[in-house]
Structures are given as C-alpha cells and as structure tokens.
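The values are calculated or read from the model by the stated rules, or taken from the named source; none is laboratory data. Computed from a prediction, not measured in an experiment: that's the story for all the values here. Cβ placement follows ideal geometry from the backbone for every residue including glycine, while neighbour counts extend to all protein chains displayed. When the accessible area is computed, the model is the full protein with side chains, heavy atoms only, and any ligands, DNA or RNA have been set aside. Shrake-Rupley method; radii C 1.70, N 1.55, O 1.52, S 1.80 Å.
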Amino acid sequence: NPAEICVDLAGLVAHDRGMRGALLCLVSAAGFGTLGIFGKLASDAGASVTSTLLVRFSLAALVFAAIVVVSGRMAELRRLPRRVVLTGLALGAAGYSLQSGLYFAAIGRLDVSLVSLLLYTYPAFVTLAALALGRAAPSLRTGGALTVASVGLALVLLTAGMGDFDVTGALLALGASLTYTTYILVSDGVVGEVDPFVLSALVLGGATASFAVAGVASGTLDLALGADAWLWLVLIALVSTVVAVSAFFAGLRRVGPSEAAI
C-alpha cells in the first residue's frame with residue numbers, strides 16, 4: 001500500500017537523526033543546483049556578476065534576519081561568543097563570497113553542467129580533509145560513494161577534453177570547489193554551537209558586506225535591471241540561497257562534514 005509506505009518512511013525520518021540530516025542535505029543540493037541555471041538566465045537578462053551576488057546575498061540576509069527576529073532567536077544571537085559571531089561573518093565575507101565569485105566567473109567561460117561537475121569534486125576534498133583532521137572515520141560506504149562519483153567525474157572530464165575546453169574556466173571551478181571545502185570544514189567547527197538560521201544570517205550578512213564593497217570599488221554594480229532579471233535574482237536569493245543554505249547547515253549539524261558533502 002503506497003500510503004502505508006509513505007507513513008512508514010515519514011516515521012523513519014522523524015525518528016532517525018541521520019536520515020533527517022541526509023534529506024536536508026539533499027534539499028540543499030537541489031537548491032544549490034539551481035544556481036547555475038538561474039545565474040545564466042540573470043546574466044542573459046543583463047545582470048552583472050557583482051549585481052547578481054549582491055542581490056542574492058542581501059535579499060537572503062534580510063529573509064534570515066526576519067526569521068531570527070520573528071522566531072525569537074535574537075536572544076541566542078546576543079548570547080553567542082564574539083569568536084563565533086566573527087567566524088560566521090568571516091565565513092560569508094571571505095569563504096562564501098570567494099566561492100560564489102569563482103563559480104560565477106567559471107560559468108562565464110564554461111558550460112554550467114561542466115562547472116557543476118568540477119565544483120562537485122568538493123566531497124572528495126572534504127572527506128580527505130576530514131579524515132586527515134580526525135573529524136571522520138573511514139568506512140566502506142563512504143569509500144564506495146567517493147569512488148563511484150570520482151569515476152563518473154573522470155569520464156565526463158575526459159569526454160569534455162576531446163572538444164573545446166577552457167583551462168582557465170576549469171581552474172576557476174576547481175578553485176570554487178577548494179574554497180567550498182574550506183568553508184564546510186570551518187562551518188563544521190561552529191555549526192554545533194549556533195542555530196542554523198542564526199548562523200545563516202551571520203554568513204549572508206558577511207557576504208552582503210563583501211559584495212557591497214566590491215561592487216562600489218569596481219564600479220560594476222548596476223541595479224537598474226528589467227523585470228525578467230529581477231525575477232531570476234529573487235529566485236537565486238530564495239531557492240538557491242535561503243533554502244539551500246539553511247538546509248545545508250541543518251543537515252551538517254546532524255551528519256557531519258563528510259556525509260553532508262557527499
């Protein structure tokens with residue numbers, strides 16, 4: 001009976017912390033997966049990279065700030081140690097901003113699907129780093145998943161290399177992957193101490209400040225955009241950022257960096 005199966009699955013998810021964490025990470029991955037598509041569409045509609053990322057982070061930061069205030073989480077934010085607050089802001093101002101900038105620079109030179117595949121080398125980097133740092137223990141399941149993913153990625157890259165292949169774009173995508181690896185590992189160090197929505201507000205606030213400064217300094221900030229461009233920018237902020245970031249931190253809190261990355 002399909003209905004009974006759904007009820008059983010719902011009960012399993014409700015009582016299994018690992019299962020909830022895995023599902024949250026899948027939701028996050030689906031949200032992040034829309035970023036390249038929406039980003040391309042926003043670019044085609046006239047939005048610059050700086051404008052896209054500033055709108056993305058500022059709107060998402062406002063959403064998370066509203067959630068923190070309305071849900072009564074301001075008290076928790078005020079109680080956080082200064083170290084945690086500064087780490088959260090730095091994660092956005094340096095880590096998330098750099099990763100996003102490299103990613104968007106890469107999709108300007110390579111096909112979105114190929115950039116996404118290069119970006120998704122980060123699970124291997126995260127797992128190797130977590131093992132080296134003693135944050136994860138080796139397992140057959142993790143090794144098997146990484147092996148299958150690595151073989152698939154290698155086949156795709158070999159196929160891509162037979163045609164036109166922009167080396168600079170590939171290096172930018174790999175740089176985004178390595179930056180995201182660092183971002184995940186640093187996030188794991190503080191995520192257990194902070195509510196996911198509070199941490200998201202800090203991270204996105206830091207990213208907003210970073211791109212506001214970058215936009216003004218570079219003169220590339222232009223918010224006089226058409227309705228079609230704003231549609232994609234709002235979707236980037238809500239789907240590719242608010243949903244993706246909050247689900248990721250909530251999932252990371254439950255399953256750890258290696259499992260969250262995979």
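Of note:
- For region 32-114, the alpha carbon positions stretch 45, 25, 20 Å along the principal axes, listed from largest to smallest.
- If the chain linking residue 230 and residue 147 were pulled fully straight, counting 0.36 nm for each residue of separation and taking away their Cα-Cα distance, it would gain 25.8 nm.
- For residue 133 and residue 34, the difference between the fully extended length at 0.36 nm per residue and the C-alpha to C-alpha distance is 32.5 nm.
- Kirkwood Rh, angstrom, the chain [1 / mean 1/r, Cα pairs]: 19.2 Å
- J(HN,Hα) series, region 187-204, from Karplus relation 6.51 cos²θ - 1.76 cosθ + 1.60, nearest Hz, glycine and proline x: 4, 4, x, 10, 5, x, 9, 10, 4, x, 6, 5, 5, 4, 4, 5, 4, 6
- R0 of 41 Å, Cβ-Cβ distance residue 62-residue 158: FRET efficiency to nearest 0.05: 0.40
- Difference of contour (0.36 nm per residue) and Cα-Cα distance, residue 171 to residue 70: 32.1 nm
- Centre separation in Å (Cα based) which lies between region 192-255 and region 94-147: 19 Å
- Å² per residue, accessible surface of the chain at 1.4 Å: 48 Å²
- Karplus-derived 3J(HN,Hα) values for region 39-49, using 6.51 cos²θ - 1.76 cosθ + 1.60 with θ = phi - 60°, are x, 4, 5, 5, 4, 4, 8, x, 7, 6, 4 Hz; glycine and proline are entered as x.
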